[in-house]
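Visitor: Dropping the structure in here first, questions after.
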Amino acid sequence: MPVRTTLKATTTAIALAFAAAPMAAITAQSAAAQSAESYSAEELDIFTTALLEVASVRQKYTPRMQSAETEDQQAAIIEEANAEITTVIEETDGMTIDKYTEIARAASEDQALNERIVKRVQAMDSESQ
């Protein structure tokens with residue numbers, strides 16, 4: 001996959017994964033106070049693993065959302081997707097919903113942190129090919 005396409009897909013995945021975090025799990029933590037350097041390589045590797053799993057869940061549910069005919073169907077699909085997202089995050093060793101949300105929020109506000117995560121996604125993506 002070309003670097004530009006990978007970067008765009010990665011950035012989109014980060015944005016979508018953050019948006020997909022269950023709203024009940026988003027807390028009033030001051031992630032903005034965290035800087036790119038305050039997260040260890042290990043923490044970001046764990047986050048990236050969870051992020052890729054969340055992106056996979058989103059890919060699975062997006063077509064279902066697009067084909068839903070009613071708002072009730074969409075709400076049921078969102079609820080199911082959020083439950084699966086919660087599960088994949090919690091099943092990632094060393095990750096919690098709160099920590100995932102904190103890092104995702106910090107990455108959305110800190111370009112350097114976002115770039116560190118993008119590089120990890122690209123590295124994990126190239127390893128899986």
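Visitor: Please work out which residue is nearest to Ile46 (Cα to Cα), limiting yourself to segment 89-108 and to residues that are surrounded by 15 or more Cβ atoms within 10 Å (Cβ to Cβ) and charged (D, E, K, R).
Guide: Filtering segment 89-108 for residues that are surrounded by 15 or more Cβ atoms within 10 Å (Cβ to Cβ) and charged (D, E, K, R), the one nearest to Ile46 (Cα to Cα) comes out as Lys99.
Visitor: Within segment 95-102, identify whether any single residue is modelled with pLDDT of 95 or more and closer than 21 Å to Glu127 by Cβ, and answer yes or no.
Guide: yes
Visitor: Which condition breaks for Thr86 when tested against (1) under 15 Å from the mean Cα position of the chain (by Cα); (2) of a type in the set (S, T, N, Q); (3) within 22 Å of Glu42 (Cβ to Cβ)?
Guide: That leaves (3) as the condition not met.
Visitor: Could I ask something else about it? Exactly one condition in (1) over 22 Å from Ala123 (Cβ atoms); (2) part of a helix (DSSP H, G or I); (3) modelled with pLDDT of 90 or more is false for Ala24; which is it?
Guide: Only one criterion in (1) over 22 Å from Ala123 (Cβ atoms); (2) part of a helix (DSSP H, G or I); (3) modelled with pLDDT of 90 or more is unmet by Ala24, namely (3).
Visitor: Another one. What residue, among those in segment 109-126 that are hydrophobic (A, V, I, L, M, F, W, C) and buried (at least 18 other Cβ atoms within 10 Å of the Cβ), is nearest to Phe47 (Cα to Cα)?
Guide: Ile117
Visitor: Considering only residues of segment 60-88 that are free of Cβ contacts under 8 Å to residues at least 24 places away in the same chain, surrounded by 13 or more Cβ atoms within 10 Å (Cβ to Cβ) and among the small types (Gly, Ala, Ser), which is nearest to Ile117 (Cα to Cα)?
Guide: Only one residue fits best here, namely Ala76.
The values are calculated or read from the model by the stated rules, or taken from the named source; none is laboratory data. Since we're looking at a predicted model, the values are computed, not measured. Here the Cβ is made from the backbone with ideal geometry for all residues, glycine too, and neighbour counts use every protein chain on show.
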